[in-house]
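A.B. asks: Got a structure for you, written out below as structure tokens; questions coming shortly.
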Amino acid sequence: QLRTNWSKGAISDRQVTGAIRALAPAPARALKIVACHHPLVEMIGGPMSGQVHGGHDAALALSNARIDLVLTGHVHAPFALPYPGGDGHTWAVGASTLSVRERGSPIGFNCIEVEADIVRVTALGWTGSHFEPWRTWSINRRPHAL
């Protein structure tokens with residue numbers, strides 16, 4: 001990308017359109033997931049800024065396409081936030097990291113459990129001897145998934 005700080009990330013219309021097209025044939029009850037390295041929109045109160053070039057437009061397009069989850073990393077902190085716009089059922093879900101470069105949360109990963117009407121995201125954190133639940137989010141699925 002043509003920016004001095006390449007760590008901020010970029011996403012193109014072509015990439016977003018490709019993801020939406022790839023998931024379009026999925027059955028109505030299927031959970032539609034897109035994975036990106038960078039969070040597409042700013043994580044309010046997060047450990048660092050995102051400012052992904054094209055991120056806001058990408059998040060809106062994915063919301064309008066009824067994508068359920070956009071999984072990301074990069075900020076090394078778990079979070080789950082609904083994207084603005086769309087129907088409120090497209091969520092950005094970030095994971096911690098297994099790297100020692102912590103940013104206010106323990107080393108860890110997310111466990112995602114899917115049921116007919118809810119998605120549970122559990123951020124598991126390392127205690128020094130084992131992983132245990134650190135934070136959990138319950139995300140209501142779109143009504144068509146019931």
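The values are calculated or read from the model by the stated rules, or taken from the named source; none is laboratory data. Keep in mind that what you see is a predicted model, and the values were worked out from it rather than measured. Note that we place each Cβ from the backbone using ideal geometry, even for glycine, and neighbour counts take in every protein chain shown. Ligands, DNA and RNA are stripped out before the accessible areas are found, and what is left, the full protein with its side chains, is counted by its heavy atoms. Shrake-Rupley method; radii C 1.70, N 1.55, O 1.52, S 1.80 Å.
A.B. asks: Go through 113-120, 33-40 and give me the packing order, highest mean Cβ count within 10 Å leading. List each step's numbers first, then the result.
C.D. replies: On the way: 113-120: 13.0, 33-40: 19.1.
Top of the packing list down: 33-40, 113-120.
A.B. asks: On to the next question. Before I look further, what does the range 65-107 give for accessible area per residue, probe 1.4 Å, in whole square angstrom?
C.D. replies: Details: 1660 Å² over 43 residues.
Averaged over the residues of the range 65-107, the accessible area is 39 Å².
A.B. asks: At 7 Å along Cα-to-Cβ for each site, give me the label-to-label distance between HIS130 and SER12 in nm.
C.D. replies: Here the answer is 4.8 nm between the modelled labels.
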